[in-house]
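As structure tokens, the structure follows; a few thoughts come after it.
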Amino acid sequence: MTKLPELYVAVDVEADGPIPGPYSMISLGMAVVGRPELTFYTELRPISDDFVPEALAVSGLDRDRLLREAPPAEEAMAAAARWINDLRRIGRPVFLGAPAVFDGMFAHWYFVRFLGKSPFNASGSGLDLRSYWMGRTGCEWVDSRKPLIKQQLQLTDLRHTHHTGEDAVELAHVFDAVLKSRGSEVMQVVAAAVVEDGRLLLVSKNIAPEVFYLPGGKPEDGESAEETLARELNEELGVSPLDMDLLGHVDGTAVLEGVPMRLTVFVTRIDGPPAPAAELAAMGWTNGRDSYIPRLAPAIRDQVLPMLAESGVFGR
Ligand SMILES: Nc1nc2c([nH]c(=O)n2[C@H]2C[C@H](O)[C@@H](COP(=O)(O)OP(=O)(O)OP(=O)(O)O)O2)c(=O)[nH]1
């Protein structure tokens, strides 16, 4: 049997105080990431007489109305648990909070207090939006606030309203965009395979002088691959490409930054003898059997050389 996918359940809580027990959860919203039609909302009858006016004011909910009309906590949490458990037909629910500490603390306490257990798991653990973003981008805590994440993902139109049903949907959208943005993290690099007299041109940079690879580099904004290559050949070697034949794309790990890389390689002739610029540590020509080979970047040695041999350009 194939394993069902994980379903990230964005959970949003409004409360009338900082901790559950002395204070109450007054509304609970949930929404499934990537499945905007799957949402849940309930208000809850307060469980104590105490409340912090400033906390209550955040949601704007009328506590007296909740005392009269909202379902008791047992009933509301049973409905929430049923909704989560129903999701098990299509996936494996995982709690998602922003922050997981506050919303998770209320949700977990309420599930355990009123139902004896949580439909998420025994520990109340789950995902936290900001921690995930820090891990993905390497940013500091202070730069992982939701408004900043929204800015970077062009989601500033998504409103935060303090209505837990709407805010759970907002969180689900943001996390969906965070997940989708992962694919675009691949670093693009364009490189030239220049072959003269049966030898392939290699360079190394000052930052790692013992690692050799093809001349080239990363595109600047708006540049085509060909424009990047022409600029890089000029900057690194003071030459211009005479023609560029796409050899292919190679997916690997960028040897300097250690991040996922897609390398686009062109077979290129150049208009004169290359003269290495200061940013290069060394330049040389390999015949495919010499001491350069062990020092090649893995993507070049393991993927590009076989492609060049296959196409008959070099190494046969
Ligand atoms: N140019 C080039 N880079 C390669 C090859 N193979 C490989 O792993 N890389 C890696 C090395 C680096 O991690 C990254 C390219 O970085 P780079 O430092 O050459 O790019 P760049 O000239 O645009 O550098 P910069 O402006 O950031 O200084 O890709 C290759 O064959 N050619």
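The values are calculated or read from the model by the stated rules, or taken from the named source; none is laboratory data. Keep in mind the model is a prediction, meaning the values are calculated, not measured. FYI the Cβ positions are ideal-geometry reconstructions off the backbone, even for glycines, and counts take in every protein chain you see. Accessible surface areas use protein heavy atoms only, side chains included; no ligands, DNA or RNA. Shrake-Rupley method; radii C 1.70, N 1.55, O 1.52, S 1.80 Å.
Descriptive notes on the structure:
- Per the conditions (1) touching a His at 6+ places or on another chain (Cβ under 9 Å); (2) buried (at least 19 other Cβ atoms within 10 Å of the Cβ), the sole criterion not satisfied by Ala297 is (1).
- Conditions (1) open to solvent by less than 60 Å² (accessible area, probe 1.4 Å); (2) at negative phi; (3) within 9 Å of the ligand (Cβ to nearest atom); (4) not hydroxyl-bearing (Ser, Thr, Tyr): number failed by Gly216: (2)
- Considering residues of region 219-232 that are away from the ligand (no atom under 12 Å from the Cβ) and open to solvent by 40 Å² or more (accessible area, probe 1.4 Å) only, the residue modelled with the lowest pLDDT: Asp221
- Scanning region 233-258 for residues that are within 8 Å of the ligand (Cβ to nearest atom) and under 29 Å from the mean Cα position of the chain (by Cα) yields Gly252, Thr253, Ala254, Val255, Leu256, Glu257, Gly258.
- Qualifying residue in region 168-180 (condition: modelled with pLDDT of 95 or more, open to solvent by 60 Å² or more (accessible area, probe 1.4 Å), outside any helix (DSSP H, G or I) and more than 15 Å from the ligand (Cβ to nearest atom)): no
- All positions within region 175-206 that are among the charged types (D, E, K, R), under 33 Å from the mean Cα position of the chain (by Cα) and over 23 Å from Thr253 (Cβ atoms): Asp176
- Residue satisfying all of: in region 38-92; in a helix (DSSP H, G or I) and among the β-branched types (Val, Ile, Thr); surrounded by the most Cβ atoms within 10 Å (Cβ to Cβ) among these: Ile84
- Test result for Pro99, without any contact (Cβ under 8 Å) to a residue 40 or more places away in the chain and buried (at least 19 other Cβ atoms within 10 Å of the Cβ): no
Residues are listed down the side, and each one gets a yes or a no for (1) in contact (Cβ under 8 Å) with a residue 24 or more places away in the chain; (2) touching a helix residue (DSSP H, G or I) at 6+ places or on another chain (Cβ under 7 Å); (3) more than 19 Å from Glu310 (Cβ to Cβ); (4) not hydroxyl-bearing (Ser, Thr, Tyr):
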position	(1), (2), (3), (4)
Ser224	no, no, yes, no
Glu236	yes, no, yes, yes
Ser240	yes, yes, yes, no
Asp245	no, no, no, yes
Ala254	yes, no, yes, yes
Gly258	no, no, yes, yes
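- Output for region 293-316, where each listed residue is hydrophobic (A, V, I, L, M, F, W, C) and over 20 Å from Val211 (Cβ atoms): Ala309, Val313
- Only listed residue being over 30 Å from Ala73 (Cβ atoms) and not hydroxyl-bearing (Ser, Thr, Tyr), chosen from Glu196, Glu170: Glu196
- Flag if Glu210 is open to solvent by less than 50 Å² (accessible area, probe 1.4 Å) and among the acidic types (Asp, Glu): no
- Scanning region 233-256 for residues that are open to solvent by 20 Å² or more (accessible area, probe 1.4 Å) and farther than 18 Å from Ala297 by Cα yields Asn234, Glu235, Gly238, Ser240, Pro241, Leu242, Asp243, Met244, Asp245, Leu246.
- Residue count for region 3-25, restricted to those that are crowded, with 20+ Cβ neighbours inside 10 Å and outside any strand (DSSP E or B): 3.
- Looking across region 260-307 at every residue that is near the ligand (Cβ under 8 Å from one of its atoms) and not in a helix (DSSP H, G or I), the one that is farthest from Ala193 (Cα to Cα) is identified as Glu279.
- Considering region 181-207, the residues that are closer than 30 Å to Arg130 by Cβ and within 16 Å of the ligand (Cβ to nearest atom) include one that is surrounded by the fewest Cβ atoms within 10 Å (Cβ to Cβ), namely Glu185.
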